[in-house]
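J.: Could you have a look at this structure, given as C-alpha cells, before my questions?
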Amino acid sequence: MDFRLNEEQQMIQNMVREFADKELAPVAARLDEEGEFPHEIIRKMGALGLFGLPFSEEYGGTGAGYLSYALAVEEISRACASTGITYAAHCSIGAGPIYLFGTPEQKKQWVMPCAQGKMLAAFGLTEPNAGSDAGGTQTTAVPDGDGWVLNGSKCFITNAGVAKVAVITAVTDKEKGSRGISSFVVPTDTPGFKVGQPYRKLGLNASDTREIILDNVRLPKESMLGKPGEGFKQFLIALDGGRISIGALSVGIAQACLDASLKYARERVQFDQPIAKFQAVQFKLADMKMKTELARTMVYKAAWLKDQGLAFSMEAAIAKLYASEAAMQNATEAVQIYGGYGYMKDYPVERYFRDAKLMEIGEGTSEIQRLVIARLLGC
Amino acid sequence: MKMFVCIKRVPDTSEADVKIDQTGKSVDSSRFSFGINDADNYAVEEAVLIKEARGGEIKFLCIGPKDSDVVIRMSLAKGGESAVRIEDPRINQKDPLQVAKVLAAAIKREQFDLVMTGCMSADDSNMSVGVALAEELGVSHAAMVKSVEILDGKIKVKRELEGGLTEVVEMSLPAVITIQTGINVPRYAPVRGIREAQKKELKVLKLEDLGLAEEEVSEAGSRVELMKLYIPVVASNAEMIQGTPDEKAEIMAVKMVKGGLL
C-alpha cells in the first residue's frame with residue numbers, strides 16, 4: 001500500500017496549483033461578484049490538457065486517469081469553486097456519459113473536442129418534478145420518421161448556456177417507468193433547443209446554470225446514447241464518477257477554508273495575542289484539518305478504485321457525502337473564526353460559505369448519498 | 001544550439017514558519033513544500049524559447065536527492081530532451097565554488113554552446129554558482145541577464161545593473177549566463193508534456209561518474225565554513241517626525257532619498 005502520489009500525479013497537482021494560484025485566485029472574488037463566466041481561463045485550461053485528464057488518448061484525452069483529474073478539480077476549486085463546477089460538470093457528467101456509453105463515432109464527434117478543450121458539455125437530467133426522483137422524468141422523446149422528437153424542460157443545468165453539446169434524458173416508453181428512460185446526445189444549436197436566463201444563485205456565481213427548454217427538438221436516430229431504456233442505468237453510472245469530482249471540488253473548498261482561517265487566526269490579534277493562540281480557535285482549526293484530510297483520502301481512494309477498474313460506487317458516495325459536509329462545516333467555522341469580517345464580502349470565506357452549500361445538494365443530495373450507501377450495504 | 005540549464009529544488013518559505021534545526025546550521029524543512037528555484041524557472045523558459053525559435057537541444061542538470069525528480073521532470077515537460085541528476089552525499093552544497101565544480105564536471109563531458117542558471121537560488125542566495133561555473137568551464141559569462149539574443153556563434157544579452165542601468169554585452173559562444181526573473185513568462189507544463197516527461201532520459205550520476213575526487217567537492221575540501229544560521233531579532237525602530245506639514249514632508253523626502261526609496 002502506498003499513499004503517496006506518483007511523480008506524474010505530483011506534477012499535475014503542482015502545475016494545476018500554480019495555474020489556479022496565478023490565474024484564478026486573483027480574480028475569483030470579482031468573477032463571483034459580477035457573475036462573469038471565465039471564458040478565457042476555461043480556454044487556457046483546455047489548452048493545458050486539463051479537460052482531457054479522465055479520457056483516453058484515443059478520444060483526444062491525455063489518459064492520465066481519474067485520480068489526476070480529481071487532483072486538478074481540487075486545485076481549481078481551492079481557488080474558484082465556480083470554475084471547479086464548470087470543469088467537473090463538463091468532464092464527469094457532460095462528456096462523461098458519451099465517453100462511457102457512446103459509439104466510436106459519437107465519441108470521436110463529441111468526446112474528442114470536449115477532451116481537447118474545444119467545447120464544453122452539459123448534462124440535462126434534473127427537471128422541475130424530477131430531482132432526487134430522477135425516475136419522474138417528464139421530458140419525452142417520440143419516434144418521428146427516422147429519428148426522435150424531444151419535448152420538455154430541464155432545470156439547474158450547469159454549463160447549459162456555454163455548452164456545444166448536452167446529454168439529455170427523456171422518456172421513450174412511459175409504460176416501463178425508469179426502464180423507459182433513454183439518453184440523447186444533443187448539439188445545443190439544434191433548432192428548438194433553448195436555454196433560459198442564468199439563475200440567480202446563492203453561490204457559484206461564475207458558473208453558468210440555466211434552464212433548458214426542448215421545443216420539438218428533432219434528432220437523428222444515431223443521437224441516442226446506447227439502447228432505448230438504458231438512460232436511467234447510464235446516469236446512475238455517470239453520477240458515480242461525478243460524485244468523485246464533487247468530492248474533489250468539496251475538498252478544494254474545505255482546504256481553502258482552512259488556509260484562509262489559519263492565515264487570519266495567526267494575524268488577528270485580540271486580548272493581546274493572535275487568536276490562533278486560543279484553544280477555542282485551535283480546536284476549530286484542528287477539526288478543519290482533520291475533516292479536510294479525511295475527505296481527501298476518501299476522494300483519492302474512490303478515484304484510485306475507478307482507475308483500477310474496481311467497484312467504486314460505495315466509496316464515491318461516501319467521498320461525496322463526507323467531503324461536501326466537511327466543506328460546509330469548514331466554511332461555517334471559517335466564517336466564525338473571521339467573526340464579523342467573515343460575514344463581509346471583503347473576505348473570501350463568505351464566498352466559500354455560499355459555494356459550499358451546493359456540494360451537499362448537486363449530483364445527489366446528502367440524503368440520496370446516505371440512501372445509496374445504505375442500499376449498497378444491503379438494506 | 002546545445003544548451004544546459006542548471007536547476008535547483010528549493011523550499012517555498014514564503015508562507016511557512018522558518019525554524020533553525022538542532023545543528024544550528026540548517027533549517028527544519030520537514031513541513032516545507034518544495035519547488036523549482038524561481039530564477040531557474042525563468043532559465044528553463046528562456047532555453048525552451050530559444051529552442052522553439054532556433055532549434056537545438058536542452059539538457060537539465062540538477063544536484064539533489066530523488067525528490068528533485070519532480071522538479072526536473074516538470075522542466076522536461078515544458079521542453080528539453082534529457083536530464084542529469086547528481087546525487088552524492090559527499091558533495092558540499094553550501095559552497096558555491098564546489099557546486100560549480102560538480103556542475104562543470106558534468107557539462108565538460110559533452111559539447112555545449114550555452115549554459116544557463118538562475119541568477120540566484122532562493123534558499124542560499126549566493127548568486128555565485130553561475131559565475132563560478134563559467135570560470136570552471138573556461139568560458140565567458142554574463143550575470144543578471146534580462147534579455148537574450150542569439151547571433152551567429154555569438155550571443156547578445158542585456159544585463160540588469162544597480163540603479164536602473166542596463167548593460168548590453170556581446171559574447172562568443174560557448175558561454176554561461178545567469179538569468180534574472182522577469183525575463184519572460186514561464187509557461188505551465190501542459191498535461192501532455194508531463195506525461196511525455198516520464199519517458200525522457202534522466203540519468204543519476206555520482207562523483208566517480210564525473211571523475212571527481214571527494215576532497216575536491218566535500219566539506220573537508222571547502223574554503224568556506226558555515227558558522228551559524230540564525231533568525232535576527234526583529235526590532236522596530238519608529239521615528240516620529242515633528243514640524244509643520246511642509247517641514248515634515250521635507251524631512252520625509254530627504255530620508256526617502258537617502259534610504260534609496262526614491
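The values are calculated or read from the model by the stated rules, or taken from the named source; none is laboratory data. The structure presented is a predicted model; accordingly, all values stated were derived computationally and were not measured. Quick reminder, even Gly has a Cβ in these numbers, built from the backbone with ideal geometry, and neighbours come from all protein chains shown. In case anyone asks, the SASA skips ligands and DNA or RNA and just uses the protein heavy atoms, side chains included. Shrake-Rupley method; radii C 1.70, N 1.55, O 1.52, S 1.80 Å.
J.: Name every residue in region A:50-89 that is within 10 Å of chain B (Cβ to nearest Cβ) and open to solvent by 10 Å² or more (accessible area, probe 1.4 Å), in order of residue number.
T.: A:GLU57, A:GLY63, A:ALA64
J.: Can you pull out the residues in region A:328-345 that are open to solvent by 20 Å² or more (accessible area, probe 1.4 Å) and small (Gly, Ala, Ser)?
T.: Listed by number, the residues that qualify are A:GLY339, A:GLY340.
J.: Separate question: Given the options B:SER68, B:SER33, name the one that is touching a Lys or Arg at 6+ places or on another chain (Cβ under 7 Å) and of a type in the set (Ser, Thr, Tyr).
T.: B:SER68
J.: Select from region A:20-49 the residues that are outside any helix (DSSP H, G or I), within 24 Å of A:ALA260 (Cβ to Cβ) and within 12 Å of another protein chain (Cβ to nearest Cβ) and list them in ascending order.
T.: Correct list: empty.
J.: May I pose another question? Can you find a residue in region A:192-209 that is on the phi > 0 side of the Ramachandran plot and either polar (S, T, N, Q) or open to solvent by 70 Å² or more (accessible area, probe 1.4 Å) (or both)?
T.: Within region A:192-209, not a single residue is on the phi > 0 side of the Ramachandran plot and either polar (S, T, N, Q) or open to solvent by 70 Å² or more (accessible area, probe 1.4 Å) (or both).
J.: Name, by its number, the condition in (1) β-branched (Val, Ile, Thr); (2) more than 14 Å from every other protein chain (Cβ to nearest Cβ); (3) in a helix (DSSP H, G or I); (4) open to solvent by 10 Å² or more (accessible area, probe 1.4 Å) that does not hold for B:ILE91.
T.: (3)
J.: Sticking with this one: If you scan region B:211-246, which residues turn out to be closer than 12 Å to B:ARG90 by Cβ, open to solvent by less than 80 Å² (accessible area, probe 1.4 Å) and of a type in the set (Gly, Ala, Ser)?
T.: Scanning region B:211-246 gives B:ALA213, B:SER218, B:GLY221, B:SER222.
J.: Kindly indicate the residue of region B:1-32 that is more than 22 Å from B:GLU225 (Cα to Cα) and in contact with a helix residue (DSSP H, G or I) (Cβ under 9 Å, 6 or more places away or on another chain) and also farthest from the other protein chains (Cβ to nearest Cβ) among those meeting that condition.
T.: B:MET1
Rundown of residues vs (1) in a loop (DSSP other than H, G, I, E, B); (2) more than 30 Å from B:ARG223 (Cβ to Cβ); (3) open to solvent by less than 30 Å² (accessible area, probe 1.4 Å); (4) of a type in the set (Lys, Arg), yes/no style:
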residue: B:TYR42; (1), (2), (3), (4): no, yes, no, no
residue: B:LEU76; (1), (2), (3), (4): no, yes, yes, no
residue: B:LEU103; (1), (2), (3), (4): no, no, yes, no
residue: B:ILE107; (1), (2), (3), (4): no, no, yes, no
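J.: Taking A:VAL185 as the residue in question, decide whether it is assigned to a strand (DSSP E or B) and under 20 Å from A:MET112 (Cβ atoms).
T.: So A:VAL185 fits the description; yes.
J.: Could you pull out the residue among B:VAL168, B:VAL185 that is outside any helix (DSSP H, G or I) and away from every other protein chain (no Cβ under 14 Å)?
T.: Just one listed residue meets the conditions, B:VAL168.
J.: Tally time: how many residues in region B:188-210 are crowded, with 18+ Cβ neighbours inside 10 Å and either away from chain A (no Cβ under 14 Å) or at pLDDT below 95 (or both)?
T.: Final tally of qualifying residues: 3.
J.: Name the residues in region A:1-18 that are assigned to a helix (DSSP H, G or I), open to solvent by 40 Å² or more (accessible area, probe 1.4 Å) and more than 7 Å from chain B (Cβ to nearest Cβ), would you?
T.: A:ARG17
J.: Still on this structure: How many of the residues in region A:55-82 are without any contact (Cβ under 8 Å) to a residue 60 or more places away in the chain and either among the hydrophobic types (A, V, I, L, M, F, W, C) or under 23 Å from A:VAL299 (Cα atoms) (or both)?
T.: Final tally of qualifying residues: 5.
J.: Return the only residue of B:SER33, B:SER68 being surrounded by fewer than 16 Cβ atoms within 10 Å (Cβ to Cβ) and under 19 Å from the mean Cα position of the chain (by Cα).
T.: Going through B:SER33, B:SER68 in turn, just one is surrounded by fewer than 16 Cβ atoms within 10 Å (Cβ to Cβ) and under 19 Å from the mean Cα position of the chain (by Cα): B:SER33.
J.: Still on this structure, please answer the following. With B:LYS59, B:LYS51 as the choices, which residue is surrounded by 21 or more Cβ atoms within 10 Å (Cβ to Cβ), free of Cβ contacts under 8 Å to residues at least 60 places away in the same chain and under 26 Å from B:ASP152 (Cβ atoms)?
T.: After ruling out the rest, the residue left standing is B:LYS59.
J.: Hey, another quick one. Would you check if there is a residue in region B:111-127 being more than 20 Å from the chain's Cα centre (by Cα), under 29 Å from B:VAL217 (Cβ atoms) and in contact (Cβ under 8 Å) with a residue 40 or more places away in the chain?
T.: yes
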